[in-house]
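Readers should treat all values here as calculations from the given coordinates under stated rules, not as data from a laboratory. From a predicted model like this one, the values you see are computed outputs, not experimental measurements. Glycine gets a Cβ as well: all are built from the backbone with ideal geometry, and neighbour counts include every protein chain shown.
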Amino acid sequence: MASLPRVAESAGARAGRKVATLTSDSAEHIPAPADHFLPGPVLLLGAPGVGKGTQAQSLMAGYKIPQISTGDILRDNIARGTDLGRAAKGLMDQGQLVPDGIVNDMVGARLTQPDVDDGYILDGYPRTLGQAEWLDAHLSSTAVKRSGGTVVPLVAVNIRVDENELLRRITGRRICSACKHIYNIYSKPPKHEGICDLDGSPLLHRSDDTEAAFTERMKAYNTLTAPVIEHYSKQGRFREVDGAQAVEQVTAAIESALKQLRQAGA
Ligand code: AP5
């Protein structure tokens, strides 16, 4: 993602387990409670605009584990004018997926950073069967482990929303150019038009948030990403939540699904 929060280890972690605490440069380090539920690695799946990024931001704040958004990493590369960004921009603007090899390498590199030790939220990845198989193989050697060495497998949560509502969400979305906070001119407008409530930076409209690009993104989702849902569902590591509810209710449904999955041994 474009601006990952810095992560420090909590001094209060008990039971032989590290607890990651998200910090900002000015914020005090607040240890997570010892009984704080850590969901391990989580995949958020769902069509464009279902609320993956919004929910990842809430879960990241609640669980103190990082969000890894392949869309944000790609947009950051475009903004910095890297070779990767130049290769991705045309495809993204047309609503097509970036080739698996590029995104797998990006995710592989991100997962070497120490802040993922206690888990992370993957937002928008994997979105092809090839990416899911690559990730499974990658994680079998570099997995998040519970104290005692037990591997914590990935669990996947799919957010579901009706397609007509998705188009409204996509065209109404605005994103802070600095802190990446997500707004919507219909359902969550900023206090002052075009300005972020949190840091006063200008809000941006994504270049792929057009009706034409949305149609292509939905096609890619239905043909290439639907098999990923099947992949995790078959392995019993999958739940689905209704994303048409208020943001806070969707967050609660995801948290409940994660607890159920972990209690069931996933
Ligand atoms: P990416 O950035 O991942 O886009 P996406 O998957 O299309 O999802 P979005 O970011 O559009 O939506 P979201 O579900 O995060 O919704 P949000 O929370 O913002 O990918 C972009 C492109 O990059 C792809 O098309 C592809 O080209 C490339 N790419 C990325 N990953 C790739 C990969 N793995 N492989 C290949 N290519 C890849 O919410 C949307 C709006 O709805 C917001 O305005 C929000 O405020 C509002 N909202 C959210 N929740 C609610 C709610 N409950 N009620 C009302 N409004 C809500």
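Structural remarks
- Relative contact order [Cα under 8 Å, 6+ residues apart], segment 96-241, whole percent: 28
- Projection of the Cα convex hull of segment 57-141, averaged over all directions and equal to a quarter of that hull's surface, yields 6.0 nm².
- For segment 126-139, putting each phi into the Karplus relation 6.51 cos²θ - 1.76 cosθ + 1.60 with θ = phi - 60° gives couplings of x, 10, 9, 4, x, 5, 5, 5, 4, 5, 4, 5, 4, 6 Hz, in residue order, rounded to whole numbers and with x for Gly and Pro.
- Interchain or long-range residues, amide H under 5 Å from Gly124's placed H: Leu44
- Share of pairwise Cα separations in segment 147-201, more than 18 Å, in percent: 53
- Rounded to whole numbers, the Karplus 3J(HN,Hα) couplings from phi for segment 47-58 are 5, x, x, 5, x, 4, x, 4, 5, 4, 5, 5 Hz, using 6.51 cos²θ - 1.76 cosθ + 1.60 with θ = phi - 60°, and x at Gly and Pro.
- Whole-Hz couplings from phi, Karplus 6.51/-1.76/1.60, listed for segment 236-245; x for Gly and Pro: x, 10, 8, 9, 10, 10, 7, x, 7, 7
- Put simply, when 72-79, 242-249 are sorted by average Cβ atoms within 10 angstrom per residue, most first, you get 72-79, 242-249.
- Sites Arg80 and Thr112 - FRET efficiency at Förster radius 25 Å, r taken between beta-carbons, to 0.05: 0.80
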